[in-house]
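Visitor: Here it is, the structure in full.
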Amino acid sequence: MRDNPVLRTAAKILFAPIIVFGLYVQFHGDYSPGGGFQAGVIIAAAFILHGLIFGLEAGRRLVPEWLNLAMLAAGVLIYGGVGVAGMALDGLYLDYNVLLPDPSAGQHVGIILVEFGVGLTVTSVMLALFHAFAGFSEDRFADKPEDTAGGGSQ
Amino acid sequence: MTVFVTNMLLLLFLVFLLVLVIRTRRLFAVVVLAGAYSLVSAAMFVNLDAVDVAFTEAAVGAGISTVLFLATMAYLPGREKVLPSSGRFGNNMSAAIICVIAGALLVAAAVELPAVGDPNAPAHLHVAPRYLEESYSFLHIPNVVTTVLASYRGFDTLGETIVVFTAGLGVLVLLSGYTRTRRTRNETLSRGEGDDA
């Protein structure tokens, strides 16, 4: 599958538009269907496509494991942090009205930040799931036939 | 009327796909059929004007789940094992009785439900009017779903995000081996290779 020129070219062409579409869904969620959950899955789909076509190693070079783990935690921390920021500004937890002088604008900022956090966590969880499942099976196959074949040839 | 007929057709198609999923023994075909099932239910949600839900169903159900299932399939046998006891008459009878009773209860409950889009349905009389009015006049956000999800129901969404986070963490610990034993095993392996060299 990885040597098929049609798949490789299609994946290269599609990769960027999928991410742009994901960002559109992420930040246009106030006006059209979508939001953090959907955008996270779409952006993760772009990286999963890359991983499927160009291999898990290339995917790991694009998004290193430490970065993925950091994003996993950062999303939840951003969400919780917006809540704590509301408390620090004399409001209630997750009260966006106090984030800016104008309550309506504060709500906008709060919603965008919170959705960003959701999108970050969902993207990295989906990516981590893919790498965990696909990498796990690859590990097992590498352990069984290839190890013995390699040992024999040496 | 058109909505009703389209939904009925989609529902029939869903039942058809479900029967296929149950009858098929080749796991690859089952995974693809499950993706098709998600896509058809997404079409059904669009038909019911729940575009946000349809979006999620199409992206998660038809997209990511299919890929994850396929990735998992790489270390499973290609065909489902049929248990020899599954053809026994007694088992089938008790299963049939449970199915009929549960189905009858669901139908009895569904008869009582208000019609789709009924403005006098209890769900539309409680807080929904306030959300609909306030979300545009005060917040100037046209998509009420986003306002309810992120602002009015911010705590719920925080909980959902933490659920996703925890699920991801659980899978990572189980499969990627972020545990002390796995790390020491790798260290001993690399040390052993070093000794050989």
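Visitor: Could you go through the range A:66-75 in sequence order and give the Karplus-derived ³J(HN,Hα) for each residue, using 6.51 cos²θ - 1.76 cosθ + 1.60 with θ = phi - 60°, rounded to whole Hz, and x for Gly and Pro?
Guide: My calculation for the range A:66-75 gives 5, 5, 4, 5, 5, 5, 3, 7, 4, x Hz in order.
Visitor: Among the chymotrypsin sites (Phe, Trp or Tyr not before Pro) in the range A:1-61, which ones are in a DSSP loop with at most 12 other Cβ atoms within 10 Å of the Cβ? Mind listing them?
Guide: Details: sites: A:PHE15, A:PHE21, A:TYR24, A:PHE27, A:TYR31, A:PHE37, A:PHE47, A:PHE54; in loops: A:TYR31.
Passing sites in the range A:1-61 are A:TYR31.
Visitor: Sum up the charges of everything whose Cβ sits under 14 Å from the Cβ of B:VAL144, counting Lys and Arg as +1 and Asp and Glu as -1, but leave B:VAL144 out. Don't skip to the end; give the middle numbers.
Guide: Numbers: positive: B:ARG130, B:ARG153; negative: A:ASP30, B:ASP49, B:ASP52, B:GLU133, B:GLU134.
After counting each charged neighbour, the total is -3.
Visitor: Pairing the Cα long axis of helix B:180-196 with the longest principal axis of chain B, what angle in degrees results, from 0 to 90 and rounded to the nearest 10?
Guide: The helix B:180-196 is inclined about 30 degrees to chain B.
Visitor: Here is a follow-up. So if I place +1 on the C-beta of Lys and Arg and -1 on the C-beta of Asp and Glu, and nothing else carries charge, what would the dipole magnitude of the range A:5-153 be about its Cα centre? I want it in debye, nearest 20. It would help to have the intermediate numbers written out before the result.
Guide: On the way: 6 positive and 12 negative charges, 95 e Å.
With only Lys, Arg, Asp and Glu charged at Cβ, the dipole is about 460 debye.
Visitor: To the nearest 500 deg cm²/dmol, what mean residue ellipticity at 222 nm is calculated for the protein assembly as shown from DSSP H runs of n ≥ 4 alone, each contributing -39,500 (n - 2.57), summed and divided by the residues? Write down the numbers at each step before the final one.
Guide: Values: 15 runs with 249 residues, N = 351.
Mean residue ellipticity at 222 nm (helix-derived): -23500 deg cm²/dmol.
Visitor: Taking Cα pairs under 8 Å and at least six residues apart, what relative contact order does the range A:5-153 come out at, in percent?
Guide: Once divided by the residue count of the range A:5-153, the mean separation gives 25 percent.
Visitor: Residues of A:18-31, mean number of Cβ from any other protein chain within 10 Å of their own Cβ, rounded to a whole number? Before the final figure, lay out each step's value.
Guide: On the way: counts 0, 0, 0, 0, 1, 0, 0, 2, 0, 0, 2, 7, 8, 4.
Averaged over the peptide's residues, the number is 2.
Visitor: With a/c under 1.5 counting as rounded, go ahead and sort chain B into rounded, prolate or oblate using the C-alpha gyration tensor (a ≥ b ≥ c being the square roots of the eigenvalues; past the cut-off, prolate if a/b is larger than b/c, else oblate). Walk me through the numbers before you get to the answer.
Guide: Values: a/c = 2.45, a/b = 1.30, b/c = 1.88.
Since a/c reaches 1.5 but b/c is at least a/b, the shape of chain B is classed as oblate.
Visitor: To continue, here is another question. Where is the GNM fluctuation largest for chain B (alpha-carbon springs, 10 angstrom cutoff): B:SER137, B:SER176, B:SER65?
Guide: In the Gaussian network model the winner is B:SER176.
Visitor: Name the residue, out of B:ASN47, B:ASN91, B:ASN120, whose mean-square fluctuation peaks in a Gaussian network model built on chain B with Cα pairs under 10 Å.
Guide: B:ASN91
Visitor: Please report, in cubic angstrom per residue, the volume enclosed by the convex hull of the alpha-carbon atoms of the range A:5-153.
Guide: On the way: hull volume 18.3 nm³, N = 149.
Dividing the Cα hull volume of the range A:5-153 by its residue count gives 123 Å³.
Visitor: In debye, nearest 20, what is the charge dipole magnitude of the range B:53-166 about its Cα centre with +1 on Lys and Arg Cβ and -1 on Asp and Glu Cβ, if you could check? Before the final figure, lay out the partial values.
Guide: Numbers: 5 positive and 8 negative charges, 115 e Å.
Roughly 560 debye, rounded to the nearest 20.
Visitor: Then there's this: Can you pull the mean other chain C-beta count within 10 Å for peptide A:123-134? Intermediate results must be reported in sequence, preceding the final value.
Guide: On the way: counts 0, 3, 9, 8, 1, 6, 9, 4, 5, 11, 12, 7.
Taking the mean over all residues of the peptide, I get 6.
Visitor: Does the range B:1-80 classify as rounded, prolate or oblate by the C-alpha gyration tensor (a ≥ b ≥ c root eigenvalues; a/c under 1.5 gives rounded; else a/b over b/c gives prolate, otherwise oblate)? Please report the intermediate quantities before stating the final value.
Guide: Working: a/c = 5.70, a/b = 1.68, b/c = 3.39.
Cα axes put the range B:1-80 in the oblate bin.
Visitor: About the Cα centre of the protein assembly as shown, what is the dipole size in debye to 20, counting +1 per Lys and Arg Cβ and -1 per Asp and Glu Cβ, all else neutral?
Guide: Numbers: 20 positive and 27 negative charges, 271 e Å.
Rounded to the nearest 20 debye, it is 1300 debye.
Visitor: Would you mind telling me which residue in B:LEU14, B:LEU125, B:LEU169 has the biggest mean-square fluctuation in a Gaussian network model of chain B, where springs connect alpha carbons within a distance under 10 angstrom?
Guide: The residue with the greatest mean-square fluctuation here is B:LEU169.
Visitor: Oh, and also: Is the shape of the protein assembly as shown rounded, prolate or oblate, going by the alpha carbon gyration tensor and its root eigenvalues a ≥ b ≥ c, with a/c under 1.5 for rounded and a/b larger than b/c for prolate?
Guide: Numbers: a/c = 2.00, a/b = 1.20, b/c = 1.66.
Here the protein assembly as shown falls in the oblate category.
Visitor: I'd like the mean, over residues of A:97-104, of how many other protein chain beta carbons sit within 10 Å of each residue's own Cβ.
Guide: Counting Cβ atoms of other protein chains within 10 Å of each residue's Cβ and averaging gives 1.
Visitor: Starting with the fewest neighbours, write out B:TYR136, A:TYR96 ranked by other beta-carbon atoms found within 10 Å of each beta-carbon.
Guide: Numbers: B:TYR136 14, A:TYR96 27.
In increasing order of surrounding Cβ atoms, one gets B:TYR136, A:TYR96.
Visitor: Same structure again: Once both axes come from the Cα atoms, what is the angle between helix B:2-23 and the longest principal axis of chain B, in degrees from 0 to 90, rounded to 10?
Guide: For helix B:2-23, the angle is close to 20 degrees.
Visitor: Oh, and also: Got a sec? Charge dipole of the protein assembly as shown, +1 on Cβ for Lys and Arg, -1 for Asp and Glu; which of A:PRO103, A:VAL76, A:PRO64 is way out at the positive end?
Guide: It is A:PRO64, whose Cα lies furthest towards the positive end.
Visitor: Of the options B:LEU10, B:VAL30, B:SER135, report the single residue whose Cα projects farthest towards the positive end of the charge dipole of chain B (beta-carbon charges: Lys, Arg +1; Asp, Glu -1).
Guide: B:VAL30
Visitor: Also, quick follow-up: Helix A:36-54 versus the longest principal axis of chain A: what is the Cα-based angle in degrees, 0 to 90, to the nearest 10?
Guide: In chain A, helix A:36-54 runs at an angle near 20 degrees to the longest axis.
Visitor: Then there is this: Between the range A:7-65 and the range A:82-123, what is the C-alpha centre distance in whole Å?
Guide: First find each Cα centre; the distance between them is then 26 Å.
Readers should treat all values here as calculations from the given coordinates under stated rules, not as data from a laboratory. What you are looking at is a predicted structure, and each value in this text was computed from that prediction instead of being measured. A quick note on method: Cβ atoms are made from the backbone with ideal geometry, for glycine too, and the neighbour counts reach across all protein chains shown.
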